[in-house]
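S.K.: Got a structure for you, written out below as structure tokens; questions coming shortly.
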Amino acid sequence: LESVWSLDISLPAQMEVSRSAVSALLDICPNLREFNLSNTVLGGLLYVLGKSSFLEKVTWNRSKECWLSGHLFHFCNNLKELILDDSEFPIAPNVLGRFSDAGDEAFIFSHCKSIERLSIQNARWYDPLAALFGGHASVSPVPQEALIKFVRKAPRCLRWFRSDLTKENIDMLRMERPDIEIVN
């Protein structure tokens with residue numbers, strides 16, 4: 001199915017999807033440009049991005065296991081749009097600051113130099129290690145400080161960003177980064 005450029009396997013409610021099934025779909029659609037995985041539980045965006053280097057747009061709303069790290073984007077030189085609204089990101093507390101630190105490999109844009117549109121509206125984060133050690137992994141909104149730092153350090157290719165920044169922080173960032181349309 002080399003002529004398939006867009007694939008939507010989104011589901012009406014959250015459900016686990018077999019990694020081998022997704023792998024098979026990506027193998028038979030080698031020229032895929034757009035992929036919608038909303039409401040699927042797949043165990044990692046890296047797997048999807050690593051399987052299809054032609055992807056330009058990935059939509060994965062309501063993801064529960066979206067490891068958002070700069071390492072994910074090492075394989076996706078063509079990715080222009082990433083929509084991850086209402087998602088929960090497993091980020092250890094000691095990594096949260098690095099999530100938006102341009103000097104760190106964990107920074108989402110450390111390898112991705114092509115992304116123009118990014119949406120993480122209603123994004124939340126949790127500590128994946130808490131559950132491993134018998135604790136409760138509480139889910140919290142991504143802090144305003146991390147979102148601010150994230151926008152300040154974004155590469156020049158980013159043109160549009162949607163998140164839960166407050167109006168005051170959006171106004172401040174628009175002055176600093178007029179090249180990015182910031183919405184919530």
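The values are calculated or read from the model by the stated rules, or taken from the named source; none is laboratory data. If you're wondering where the values come from, they're calculated on a predicted model, not measured in any experiment. Here the Cβ is made from the backbone with ideal geometry for all residues, glycine too, and neighbour counts use every protein chain on show. What goes into the accessible areas is simple: the full protein's heavy atoms, side chains included, and nothing from ligands, DNA or RNA. Shrake-Rupley method; radii C 1.70, N 1.55, O 1.52, S 1.80 Å.
S.K.: Can you spot the lysines whose alpha carbon is less than 28 Å from K51's alpha carbon? Ignore those fewer than 8 places along the same chain.
M.R.: Cα-Cα hits under 28 Å: K64, K80, K113, K153.
S.K.: Report the local net charge at E181: Lys and Arg +1, Asp and Glu -1, summed over other residues whose C-beta lies under 15 Å from its C-beta.
M.R.: Net of charged neighbours comes to +3.
S.K.: Each residue of region 162-176 in turn: what ³J(HN,Hα) in whole Hz from Karplus with 6.51, -1.76, 1.60 and θ = phi - 60°, glycine and Pro shown as x?
M.R.: Running phi through 6.51 cos²θ - 1.76 cosθ + 1.60 with θ = phi - 60° gives 10, 7, 9, 4, 5, 4, 4, 6, 4, 4, 4, 5, 5, 5, 7 Hz.
S.K.: For region 139-184, with every protein chain kept in place, what is the accessible area per residue (1.4 Å probe, Å²)?
M.R.: 54
S.K.: Please report the net charge: other residues with Cβ closer than 12 Å to the Cβ of R124, K and R +1, D and E -1.
M.R.: Surrounding charge for R124 is -3.
S.K.: Using a 1.4 Å probe and ignoring any ligands, DNA or RNA, find the accessible area of S6 and quote it in Å² to the nearest 10.
M.R.: 70
S.K.: Counting only residues 5 or more places away or on other chains, whose amide H sits under 5 Å from the amide H of C29 once H atoms are built in the peptide plane?
M.R.: Hits under the 5 Å cutoff: none.
S.K.: Put W60, W125, W5 in order of accessible area, largest first, 1.4 Å probe: what do you get?
M.R.: Heavy-atom accessible area, descending, gives W5, W125, W60.
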